[in-house]
Each structure stands twice: as structure tokens, then as C-alpha cells.
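Here is the structure we will look at, set down as C-alpha cells.
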Amino acid sequence: MNENVKLDIAIEIMSSKVAEAMERGNKKEIDELLEEREQMYLGNWDVINKILDVYSEDVKR
């Protein structure tokens with residue numbers, strides 16, 4: 001898969017995760033996700049792959 005496509009998918013997954021955490025009002029989780037989101041936008045592929053591999057399972061449910 002193209003890196004740009006992976007990044008676009010990771011952005012959508014992260015948006016969903018942040019929205020879910022905000023609904024629950026979990027401040028600690030929100031802070032962690034926002035830090036990971038920043039790393040994602042900076043091009044940290046370890047974080048992007050984590051989002052694609054780990055967080056995508058949560059979003060599918």
C-alpha cells in the first residue's frame with residue numbers, strides 16, 4: 001500500500017479514536033492520543049504503523 005494512503009487511513013482511525021475518548025471524557029487517554037497524533041503528523045512511521053495495526057482493530061468494532 002502507498003505511504004500516502006497509509007497516512008490517510010491512519011488519520012481517519014486517529015480521528016475516530018480521539019472522538020471516542022472525548023465521548024468517554026478520559027483525559028489521560030485523550031492526552032496520549034493527541035501526542036500520538038502529533039507524532040503521526042510529523043511522520044513517525046512507528047506510530048503510524050501502531051495506529052494501523054492496533055487502533056484499527058478497535059475502530060472495526
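Read-outs throughout are calculated quantities, based only on the coordinates presented, and are distinct from any laboratory measurement. The model shown is predicted, which means the values in this text are computed figures rather than measured ones. Counting neighbours? That spans all protein chains shown, and the Cβs are built from the backbone with ideal geometry, glycine included.
With a simple spin-label model that places each label point 7 Å from the Cα along the Cα-to-Cβ direction, the separation between residue 41 and residue 18 comes to 0.7 nm.
Can you pull the one-decimal nm distance between simple spin-label points at residue 4 and residue 29, each 7 Å off the Cα toward Cβ? Inter-label distance under the simple model: 3.4 nm. Pairs of lysines 8 or more apart, or on different chains, with alpha carbons under 20 Å: count those in the chain, would you? Count of close lysine pairs: 9.
Across the chain, the mean sequence separation of Cα contacts (distance under 8 Å, 6 or more residues apart), normalised by length, yields a relative contact order of 46 percent.
Report summary: the helix-based calculation at 222 nm, which adds -39500 (n - 2.57) for every DSSP H run with n ≥ 4 and divides by the residues of the chain, gives -24500 deg cm²/dmol. Just one of (1) 4.9; (2) 4.6; (3) 3.9 is mean projected area of the Cα convex hull in nm² calculated from these coordinates, so which is it? The listed entry that was calculated here is (3).
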